[in-house]
Amino acid sequence: MPWNEPGGNDKDPWGKSRSGGSSKENGVDSIEDITRKMNEKLGGFFGKKSDSDGNETGSGGVPFFIIGLVLLGAWLATGFYTVDSAQRGIVFHFGAFKETTRPGLHWHFPYPVETVELVDIDRIRTAEDRTHMLTKDENIVDIGVATQYKIKNPENYLFNLYLPDYEPNQSRGTLFQVMRSAVREIAGRNTMDSILKENRESIAPDTKQVMQKILDGYKSGLEVVKVNVTYAEAPQQVKDAFDDANRAREDKDRYKNQAETYAKKVVPIAEGKASRLKEAATAYKSRVIARAEGDASRFSQLRAEYEKAPEVTRKRLYLEAMENVFEKSSKIMVDGKSGNNLLYLPLDKLNTNAGTTTGATNNTSQISGFDPAATAATAERIRRNKNMRSGIRDGMREGR
């Protein structure tokens, strides 16, 4: 039966109802049904309901402003952040610096209004470099340096320099270039021997001082904590020749030290001998001068006495001269008046045993032809001569 005949069915050739209703073919919804169901679900979600004909009948579900409030709260909650004790928080307001926050819990307007970057200011960072440097005496030295640093001013660190440091590749950072420049300056001030030996310990503090001065001038916000010289040697190409020169220099220093040690041992001895000889010469000079002056004074006095009493003075001088001669001799020959025989008097024995008459008698009796009586007479004669000499001296003194 045709679809448009009176009393026929009300479906069009495609299986749809001419009255606007929906139909299924083979159990599958039409496009209009699917679209209508989707609209109903969305409307119910936003508080709208539809009847079976697709007309909205009222509100239902969650209100739209409540959903908006929830979403706004969730967005604002993303603005909370925590700063550790070793960190500082740098807040950016649309990319511009706003403030620095200290450790604790803080809040900022969430992205994209404000953002926060946490900077660790307590962590010690390290930069290392090893390269060839030209010294003051136009030699080349291989120097290795390691620098430890940290961030002391987060604002300057983030805003004043592009790449103040770059840990993935230190050679791209400003601190690395400053470190190399400072080491080059210090090496240019010193000779090669000074860098490798005498002033090696001073290279690190000098480099640190120069680096900090440059970084402060840049307002980099970095602080150099410590600089270590990890390597300082001659280049490998000339290292053997340089080692030979060092050994020769060490031998020179060793021989020099040995010579100085020997000189310190010998010179004091020589100086002591020279001082002793000088003092002996001075004493001899003083003694000779004093003796000469005494002899001259005595001669002057004798001359005056001789002019007063020539005979007495002459005899006195003779007797003193004979006395001096006989004092040095222990033997005296005495001319006896009775004959031509000479008597030998052992005066040394007599002087030794003067206190013992028996001992003197025994000693003299041992001499052949010695007469004890003659000995006593001779002793008496000597005594009288001594008394006479004493009297002459006394008379001369009185004559003065």
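The values are calculated or read from the model by the stated rules, or taken from the named source; none is laboratory data. Predicted model, so just to flag it, every value in this text is computed and none were measured. Positions of Cβ are backbone-derived with ideal geometry, glycine not excepted, and every protein chain shown enters the neighbour counts.
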Within the range 103-114, can one find any residue that is touching a residue at least 12 places away in the same chain (Cβ under 8 Å), in contact with a Phe, Trp or Tyr (Cβ under 9 Å, 6 or more places away or on another chain) and small (Gly, Ala, Ser)?
no
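Residue by residue, here is whether (1) within 16 Å of Thr174 (Cβ to Cβ); (2) β-branched (Val, Ile, Thr) holds:
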| residue | (1), (2) |
| --- | --- |
| Leu222 | yes, no |
| Val227 | no, yes |
| Ala232 | no, no |
| Gln236 | no, no |
| Ala241 | no, no |
| Ala245 | no, no |
The residue from Lys273, Lys256 that alone is outside the structural domain of Arg130 (by TED's automatic domain parsing), under 30 Å from Met192 (Cα atoms) and surrounded by 10 or more Cβ atoms within 10 Å (Cβ to Cβ) is Lys256
With the range 62-127 as the region, which strands (runs of 3 or more DSSP E) entirely inside it contain at least 1 residues that are on the phi > 0 side of the Ramachandran plot?
104-107
Only one of (1) modelled with pLDDT of 90 or more; (2) among the β-branched types (Val, Ile, Thr); (3) under 30 Å from Ala234 (Cβ atoms) is not met by Ile140, so which one is it?
(1)
Options Glu117, Glu198; residue that is farther than 30 Å from Ala241 by Cα and charged (D, E, K, R)
Glu117
Just a yes or no: is a residue in the range 226-242 more than 23 Å from Ile186 (Cα to Cα), among the β-branched types (Val, Ile, Thr) and assigned to a helix (DSSP H, G or I)?
no
The residue from Ala248, Ala309 that alone is at pLDDT below 90 and closer than 30 Å to Ala234 by Cα is Ala248
What is the number of the single condition among (1) modelled with pLDDT of 85 or more; (2) in contact with an Asp or Glu (Cβ under 8 Å, 6 or more places away or on another chain) that Thr101 does not meet?
(2)
When you scan the range 216-236, do you find a residue that is charged (D, E, K, R), more than 30 Å from the chain's Cα centre (by Cα) and loosely packed, with under 10 Cβ neighbours inside 10 Å, even just one?
no
Could you list, in sequence order, all residues of the range 128-175 that are in a helix (DSSP H, G or I) and basic (Lys, Arg)?
Arg172
